[in-house]
1. In square angstrom, what is the accessible area per residue of the chain with a 1.4 angstrom probe?
2. Could you tell me whether the chain comes out rounded, prolate or oblate from its Cα gyration tensor? Rule is a ≥ b ≥ c as square roots of the eigenvalues, rounded for a/c under 1.5, then prolate if a/b exceeds b/c, otherwise oblate.
3. Around Arg141, with a cut-off of 15 angstrom between Cβ atoms, what is the net charge of the other residues, counting Lys and Arg +1 and Asp and Glu -1?
4. Ala171 to Thr417: extension gain in nm, 0.36 nm per residue of separation minus the Cα-Cα distance?
5. Tell me the carbon and sulfur percent of the accessible area for the chain, rounded to whole percent, probe radius 1.4 Å.
6. Give me the percent relative contact order of segment 308-372, please, defined on Cα pairs under 8 angstrom at least 6 residues apart.
7. Sum up the charges of everything whose Cβ sits under 14 Å from the Cβ of Asp8, counting Lys and Arg as +1 and Asp and Glu as -1, but leave Asp8 out.
8. Which residues' amide hydrogens lie under 5 Å from the amide hydrogen of Glu303, considering only partners 5 or more residues apart or on another chain, with H built in the peptide plane?
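The values are calculated or read from the model by the stated rules, or taken from the named source; none is laboratory data. Owing to the predicted nature of the structure, the values given are computational and were not obtained by experimental measurement. Cβ: placed from backbone, ideal geometry, glycine included. Neighbour counts: every protein chain shown. We work out accessible area using only protein heavy atoms, side chains counted, and drop any ligands, DNA or RNA first. Shrake-Rupley method; radii C 1.70, N 1.55, O 1.52, S 1.80 Å.
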Amino acid sequence: MSCVFVLDTDHRPLDPVHPGAARRLLSRGRAAVWRRYPFTLILKRAVPDAQPQPLRLKIDPGSRTTGLALVTEPDTAPPAEEERGEEEENEGRVGRVVWAGEVTHRGHAVHDGLVTRAAVRRSRRARHTRYRPRRFDNRRRPEGWLPPSLESRLANTETWVARLCRLVNVAAISQELVKFDIQALQHPEISGVEYQQGTLAGYELREYLLEKWQRRCAYCHATGVPLQIEHIVPKARQGSDRASNLTLACEPCNLAKGTRTAEEFGHPEVQAQARCPLRDAAAVNASRWALFRRLREIGLPVEVGTGGPTRWTRARRGLPKAHWLDAACVGASTPERLAVAGIRPLRITATGRHARQMCRMDRFGFPRTGAKATSVVGGLRTGDLVRAVVPAPSVKAGMYVGRLAGRASGMCNITTTQLGAV
Ligand SMILES: [Zn+2]
């Protein structure tokens, strides 16, 4: 069950509680609702000597969706060795997911917006106006600059980390730092015995190949069939085990190819694609490093993990594929057993706040509206979640819950997922 966050009256975070306990606190008048998303109560008394249980915030950053999970730290005090059987050892390492969330980013929307802006500027410049010099390279970028689409993803994640740190006692952070440990792929011997023959063998590699070859057979492009790791230049002909000589093939193609190379099999393009490394991996890794540096500035210990072991940890615990479960499995600190029953992740959608544009434009890039008016109307502003009651004579009479779009005139729009009035 996802827990409810609790603050004392001085906004000190306390232990999250079961929803049933939260209901009792509310019905007995001991607490009030402080935030609805994530659901948080505020007690009506101070608890200055509270010692809330330390939690670990785990993050799986993604380009579209970032998974977040708050996991209890298993009891670290080691019990007497001889009294513990294997069962008990596992018992001691049970971690519980207290809360989970999935942030949907708007990186693609940011990118599209900037492309549109660039296009209308370009077209205005070329039209019957006075000559205006290009001005795309007359500014210096500050240290650590990231493209706005990446910056937005990072800012979303940072916002939620800061928010959760205010609501619960976060003692440590785990972050998936790189999707693929490229060093480990290319030079297996440097990463120790675990990569070569231990439990991790093949996991990092398999994830990398699935991503690189788009989860389909490289030869017949079949999807949804069992795929085998296949040597482009066969081992029988001294082909190597390096990632650049490997691809994915379905069983029929693998058998049909036999000891021929991909080129001899009639697929020179596979051989060409195998030589270029996965381009995305570098870009994704770049923004994850930036996130790591920013998380470290918070001052909490940050543990890092890579993608392969995360998938392996999740598969070994029998958990399905979900962003928040990936997050819960990041890093070596993941407990032996994870209690996830009843957790429903909070689905968070990044919406951006306001626009820098001074007025709306038509599709030719010319101003269409007056100058931007204030965004705060009657104490409410664009983006607020509101419940509006429209009185009876109106055709739209009813109660609506949704996101407000403020207008200076006081007539506001509400975007709602409800089909009709409630
Ligand atoms: Zn095939």
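1. Ligands and nucleic acids excluded, the result is 61 Å² per residue.
2. Oblate, since a/c reaches 1.5 and b/c is not below a/b.
3. 0
4. That works out to 84.9 nm of additional length.
5. With neighbouring chains kept in place, the figure for the chain is 53 percent.
6. Relative contact order here is 20 percent.
7. Here the count lands on +2.
8. Amide H neighbours of Glu303, under 5 Å, 5+ apart: Ile173, Ser174, Gln175.
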